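Visitor: Below: one structure in structure tokens.
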Amino acid sequence: MRSSHSLYSKPRQWDAAIRRELASWWYLALFGATALVMAFSPSTYTRANRIAVATHIYTGTWRILPWFVTVSALASLVLIRIVVVTALSYGLSQYALEMMVRVLVLELIPLGAALFVALRAGLAFNAGTLPQAPAGYAAPAAGIGAVPEVVASVFSVLSLAMVSSALVLVLAYVNVYGLSPWGLVDYTRTVGRIFDPVVTIGFALKTVLFGLAVSVIPIAALLELARRRRVHASTMQPGAVRLFFVLLLIEAGSLAVKYI
Amino acid sequence: MERHSETSAPDVPAHVEFKAVLLLILMTGLIVGFLLYVMYARGVFEDTQRLVLIADDSEGVMVGMDMTFSGFPIGRVTRVELGEDGKARILIDVPEKDAKWLRTSSIFTLERGLVGDTRIRAYSGILTDPPLPPGAERTVLRGDTNAEIPRLVATARGLLENLETMTASDSSINTSLDNLQSATARLNGRYGLLGGALGSDEEARKVIAALDRLNALLDKTDRRVFGQQGVMDDVQASVRQVNLILSDVRNTLKNVDAVLAEAQAVGANARVATEDLGVLRAEVEASLRSVNGLVDEIGRKWPFAGAPKEIELP
């Protein structure tokens with residue numbers, strides 16, 4: 001973690017620190033690109049890799065899906081109730097549904113899913129269960145060993161976000177219209193108005209980028225540590241700060257594209 | 001690094017590949033289902049007809065917003081463009097199942113409130129009119145609350161200025177109130193309403209003095225007119241004399257009437273006499289004619305035969 005404290009060094013060392021930081025970002029980009037190319041290459045999916053991907057999907061999605069969905073549903077229910085009651089008291093109930101879908105489905109759920117996966121990876125790192133970069137994978141081109149994990153993480157973020165979003169859409173409907181089917185046409189129209197092509201593509205792209213960030217950045221940081229043969233002295237997952245910075249950047253960019 | 005290398009090979013759970021594939025299929029199904037639902041919600045699978053609304057200003061109109069009829073959304077804005085004539089063209093897709101609500105006589109409005117978004121509304125007064133043809137172009141009526149605000153503010157400012165002028169210390173209202181106050185003070189004064197009406201107690205005193213004089217005059221007049229040996233007594237005597245004169249006149253007129261009757265009788269006798277004179281003249285004329293005939297007869301006899309002589313009547 002010496003590099004992360006490099007900005008606190010003396011001014012004459014800033015040049016070297018900036019160069020090191022840029023090299024680190026370049027390494028990250030290179031690793032991400034390589035992992036992406038390998039993930040889309042059929043030859044990557046050998047028998048062993050398929051099992052590895054399946055195992056990561058199982059541990060990263062199958063196991064945590066019920067818990068995440070339950071927690072996000074409860075949190076969403078609280079938010080939906082607050083929004084509905086507040087909107088009703090101000091006489092703005094016609095905007096409540098749109099606001100809930102926009103805030104929860106488009107913004108909070110994907111971000112929550114990404115943070116949940118990142119947190120889980122951090123906890124796994126601290127518990128010592130995160131697979132370490134294998135020997136010989138110091139170079140980005142040799143990141144094939146991390147591809148199953150990258151694919152599984154992206155899938156995990158996508159799955160958690162999609163299932164939670166679908167559930168939140170149902171919860172929002174039930175909260176506003178009750179169990180009556182007569183609000184379905186109106187609700188469908190509202191959903192259709194919100195999910196115009198730009199928003200839908202932006203939502204999908206943002207979720208995929210969240211998944212990539214969550215999967216690529218920690219692994220790249222680990223690989224970089226191994227490449228530089230440094231010992232990770234902190235209990236914090238390597239690349240965590242960078243990960244949150246990138247997540248913030250993606251979210252800000254998404255908001256800017258949609259609403260500015 | 002060592003603590004990670006200990007667990008680099010996790011145990012493979014049972015049927016992990018099947019579970020992963022199942023999850024993949026479920027997620028793919030969910031994503032495809034969600035996409036289909038969104039496409040359905042956006043009316044991708046519906047047959048629509050185009051309606052073009054023309055507005056002076058398309059501010060607040062967004063792609064995707066609804067057009068409502070009786071509060072129900074029946075159309076969706078698909079595009080907003082600027083026409084060749086500089087007017088905004090709002091292109092709306094109306095599903096064919098909802099197009100029945102739009103008639104040739106339908107009116108479209110674009111309303112902007114202070115709170116909330118812009119709304120496009122359709123009104124069809126006569127639902128028996130022919131249906132609106134596809135691709136129809138209609139001018140939209142604008143109801144803009146925001147546009148009314150500057151006018152409202154200008155009016156309010158004028159009103160406030162007037163109010164300020166009215167409430168100023170030297171304003172007409174204040175002067176009027178002062179006058180009213182002095183008038184009410186006079187009303188409460190010695191001469192009351194009279195003093196208030198005339199402006200000062202001095203004037204009121206003059207009026208009262210005049211009234212006193214008038215009262216004295218009336219008293220005097222009453223005595224002179226209606227009192228003993230007053231004008232009214234003379235008048236009554238005169239009236240009695242006039243009555244006597246009138247009765248004399250009536251008698252005289254009766255006499256005149258009798259004289260006239262006599263004169264009428266004389267006139268009648270004269271008329272009879274005149275008629276008798278006519279008969280006498282006719283008889284004389286007949287006698288003359290007989291004498292004339294006799295003379296003619298004698299003249300025709302010898303020795304008096306000669307030139308006939310004409311007898312001239314008197």
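The values are calculated or read from the model by the stated rules, or taken from the named source; none is laboratory data. Model, not experiment: these values are computed from the prediction. So basically every Cβ, Gly included, is an ideal-geometry build from the backbone, and we count neighbours across all protein chains shown. To get the accessible areas, we keep the full protein, side chains included, count just its heavy atoms, and leave off ligands, DNA and RNA. Shrake-Rupley method; radii C 1.70, N 1.55, O 1.52, S 1.80 Å.
Visitor: When you go through B:168, B:197, B:209, B:204 one by one, which is the residue that is exposed (fewer than 11 other Cβ atoms within 10 Å of the Cβ) and small (Gly, Ala, Ser)?
Guide: None of the other options fit; the residue is B:209.
Visitor: Okay, next question. Only one of (1) in contact (Cβ under 8 Å) with a residue 12 or more places away in the chain; (2) open to solvent by 40 Å² or more (accessible area, probe 1.4 Å) fails for residue B:88. Which number is that?
Guide: (2)
Visitor: Can you report the number of residues in region B:49-84 which are more than 11 Å from chain A (Cβ to nearest Cβ), surrounded by fewer than 19 Cβ atoms within 10 Å (Cβ to Cβ) and either of a type in the set (D, E, K, R) or outside any strand (DSSP E or B) (or both)?
Guide: 10
Visitor: State whether one or more residues within region A:222-233 are over 28 Å from residue B:62 (Cβ atoms), open to solvent by less than 10 Å² (accessible area, probe 1.4 Å) and at pLDDT 85 or above.
Guide: No; the residues of region A:222-233 include none that is over 28 Å from residue B:62 (Cβ atoms), open to solvent by less than 10 Å² (accessible area, probe 1.4 Å) and at pLDDT 85 or above.
Visitor: Scanning region B:108-126 for residues that are closer than 12 Å to residue B:68 by Cα and β-branched (Val, Ile, Thr), which turns out surrounded by the most Cβ atoms within 10 Å (Cβ to Cβ)?
Guide: Across region B:108-126, the extreme among qualifying residues is B:120.
Visitor: Tell me which of these residue A:86 doesn't satisfy, since it passes every other one: (1) within 14 Å of chain B (Cβ to nearest Cβ); (2) more than 21 Å from the chain's Cα centre (by Cα); (3) surrounded by fewer than 16 Cβ atoms within 10 Å (Cβ to Cβ).
Guide: (1)
The rows are residues; the columns are (1) modelled with pLDDT under 85; (2) basic (Lys, Arg).
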{"position": "B:100", "(1), (2)": "no, yes"}
{"position": "B:117", "(1), (2)": "yes, no"}
{"position": "B:122", "(1), (2)": "no, no"}
{"position": "B:130", "(1), (2)": "no, no"}
{"position": "B:135", "(1), (2)": "no, no"}
{"position": "B:138", "(1), (2)": "no, yes"}
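Visitor: Shifting gears a bit: Going through region A:153-188 one residue at a time, which ones are touching a Leu at 6+ places or on another chain (Cβ under 9 Å), open to solvent by 20 Å² or more (accessible area, probe 1.4 Å) and more than 11 Å from chain B (Cβ to nearest Cβ)?
Guide: Listed by number, the residues that qualify are A:153, A:154, A:171, A:173, A:175, A:176, A:177.
Visitor: Condition first: part of a loop (DSSP other than H, G, I, E, B) and within 12 Å of chain A (Cβ to nearest Cβ). Now tell me which residues in region B:19-48 satisfy that.
Guide: Once the filter is applied, which keeps residues that are part of a loop (DSSP other than H, G, I, E, B) and within 12 Å of chain A (Cβ to nearest Cβ), region B:19-48 yields B:42, B:43, B:44, B:45, B:46.
Visitor: Residue under question is residue A:12, and the condition is that it be more than 20 Å from the chain's Cα centre (by Cα), modelled with pLDDT under 85 and open to solvent by 40 Å² or more (accessible area, probe 1.4 Å); does it hold?
Guide: So residue A:12 passes the test.
Visitor: Let me ask something additional. Does at least one position in region A:42-56 carry a residue that is touching a Pro at 6+ places or on another chain (Cβ under 8 Å), among the small types (Gly, Ala, Ser) and within 13 Å of chain B (Cβ to nearest Cβ)?
Guide: Taking every residue of region A:42-56 in turn, at least one turns out to be touching a Pro at 6+ places or on another chain (Cβ under 8 Å), among the small types (Gly, Ala, Ser) and within 13 Å of chain B (Cβ to nearest Cβ).
Visitor: Among the numbered criteria (1) surrounded by fewer than 21 Cβ atoms within 10 Å (Cβ to Cβ); (2) within 11 Å of chain B (Cβ to nearest Cβ); (3) among the small types (Gly, Ala, Ser); (4) in contact (Cβ under 8 Å) with a residue 60 or more places away in the chain, which one does residue A:240 miss?
Guide: Condition (2) is where residue A:240 drops out.
Visitor: I'd like to know if region A:115-135 contains one or more residues that are open to solvent by less than 10 Å² (accessible area, probe 1.4 Å) and modelled with pLDDT under 60.
Guide: yes
Visitor: For residue B:229, only one of the following conditions fails: (1) part of a helix (DSSP H, G or I); (2) exposed (fewer than 10 other Cβ atoms within 10 Å of the Cβ). What is its number?
Guide: For residue B:229, the exception is condition (1).
Visitor: Has region B:92-100 got any residue that is closer than 30 Å to residue A:162 by Cα, surrounded by 14 or more Cβ atoms within 10 Å (Cβ to Cβ) and either in contact (Cβ under 8 Å) with a residue 60 or more places away in the chain or of a type in the set (Val, Ile, Thr) (or both)?
Guide: No, there is no match, as no residue in region B:92-100 is closer than 30 Å to residue A:162 by Cα, surrounded by 14 or more Cβ atoms within 10 Å (Cβ to Cβ) and either in contact (Cβ under 8 Å) with a residue 60 or more places away in the chain or of a type in the set (Val, Ile, Thr) (or both).
Visitor: Return the residues of region A:182-204 that are assigned to a helix (DSSP H, G or I), in contact with a helix residue (DSSP H, G or I) (Cβ under 8 Å, 6 or more places away or on another chain) and among the hydrophobic types (A, V, I, L, M, F, W, C); say none if nothing qualifies.
Guide: Residues satisfying the conditions are A:184, A:191, A:194, A:198, A:199, A:203.
Visitor: Just to confirm my filter: which helices (runs of 4 or more DSSP H) fall fully inside region B:127-213 and include at least 3 residues that are more than 39 Å from the chain's Cα centre (by Cα)?
Guide: Qualifying helices (runs of 4 or more DSSP H): B:172-187, B:192-198.
Visitor: Sticking with this structure for a sec: Among the numbered criteria (1) open to solvent by less than 10 Å² (accessible area, probe 1.4 Å); (2) more than 30 Å from residue B:22 (Cβ to Cβ); (3) modelled with pLDDT of 90 or more, which one does residue A:252 miss?
Guide: (1)
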